[in-house]
Amino acid sequence: MTPAEAQTALTDHFAPWVLDLNLSVTEITEAHTITRMPLSPRLARVGGIVSGQALAAQADTTMVLALAGYVGDFVPAGTVTLDTQFLRPGTGAAILCRATIIRAGKSLAFARADLTAEDSGKPVATATATLALP
């Protein structure tokens, strides 16, 4: 799967409010997927930092796309669990999210995501998810 194909899957299969995050798929392989979320006042919370909800949504979306990269095609997986740890305020131009599939079985897949501030390279959040496979 190419980044362009993953971007099309994002547009075709995700809710309009997720598309409002303006995510771009910058890299997708069997090993990992990377998305970029440009920061804007619309995503900011008090103090001008990115909201935790936006970070969690980016992580969840990137992990689902990582599953597509892992298997080679989009899979309409449902999130069963999503655990997000917020490490520091997200600021700067954008947040990068790198997601990997830890293990995929017949009915469940387990994923991890690391979110970093593009400008500083510092970690902003980390997340894990369990995805139900169709």
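The values are calculated or read from the model by the stated rules, or taken from the named source; none is laboratory data. It should be emphasised that the depicted structure is a prediction, and the values quoted were computed from it without experimental measurement. Please note: Cβ atoms are built from the backbone with ideal geometry, for glycine as well, and neighbour counts cover all protein chains shown. For accessibility, only protein heavy atoms count, side chains too; no ligands or nucleic acids. Shrake-Rupley method; radii C 1.70, N 1.55, O 1.52, S 1.80 Å.
Taking only protein heavy atoms and a 1.4 Å probe, what accessible area per residue, in Å², does the chain have with all protein chains in place? Write out the running numbers ahead of the final one.
Working: 6680 Å² over 134 residues.
Per-residue value: 50 Å².
At a Förster radius of 25 Å, what calculated FRET efficiency corresponds to the Cβ-Cβ distance of residue 30 and residue 107, to the nearest 0.05?
0.80
Once neighbouring chains are kept in place and the probe is 1.4 Å, which whole percent of the accessible area of region 1-111 is contributed by carbon and sulfur? Kindly include the intermediate steps, with their values, before the conclusion.
Details: 3180 of 5720 Å².
Within region 1-111, the accessible surface is 56 percent carbon and sulfur.
Show me the ranking of peptides 2-10, 121-129 by mean Cβ neighbours inside 10 Å, starting with the highest.
Result, highest mean first: 121-129, 2-10.
Taking θ = phi - 60°, what integer Hz values does the Karplus form 6.51 cos²θ - 1.76 cosθ + 1.60 yield along region 22-33, in sequence order, with x for Gly and Pro?
For region 22-33, the Karplus curve yields 6, 5, 10, 8, 9, 7, 8, 9, 5, 7, 6, 10 Hz.
Around residue 94, which amide H atoms from residues at least 5 apart in sequence, or from another chain, sit under 5 Å from its own amide H, with H modelled in the peptide plane?
Counting only residues 5 or more places away or on other chains, the set is 39, 118, 119.
Based on Cβ point charges of +1 for Lys and Arg and -1 for Asp and Glu, what charge dipole magnitude is obtained for region 35-101 about its Cα centre, in debye rounded to the nearest 20? Could the numbers behind the result be given before it?
Details: 5 positive and 3 negative charges, 65 e Å.
Computed about the Cα centre, the dipole is about 320 debye.
Using only Cα atoms, tell me the angle between helix 3-13 and the longest principal axis of the chain; keep it within 0 to 90° and round to the nearest 10.
Approximately 90 degrees, to the nearest ten.
Protein chains only, probe 1.4 Å: how do 73, 114 rank by accessible area, largest first?
So the residues, ranked largest to smallest area, are 73, 114.
Just want to confirm a number: the relative contact order over the chain, from Cα pairs under 8 angstrom separated by 6+ residues, in percent.
24 percent
Between 0 and 90 degrees, rounded to the nearest ten: what's the tilt of helix 52-71 against the longest Cα principal axis of the chain?
30 degrees
Express in nm, to one decimal, how much length is gained between residue 5 and residue 45 on full extension, taking 0.36 nm for each residue of separation and deducting their alpha carbon distance.
On the way: separation 40, 0.36 × 40 = 14.40 nm, distance 3.20 nm.
Full-extension gain reported as 11.2 nm.
Scan the chain and report its longest stretch carrying no trypsin sites (Lys or Arg not before Pro) that are both in a DSSP loop and have at most 13 other Cβ atoms within 10 Å.
Values: sites that count: 45, 106.
So the longest stretch without any such site is 46-105.
Nothing charged except the Cβ atoms of Lys and Arg (+1) and of Asp and Glu (-1): what's the magnitude of the dipole of the chain about its Cα centre? Round to the nearest 20 debye.
Roughly 380 debye, rounded to the nearest 20.
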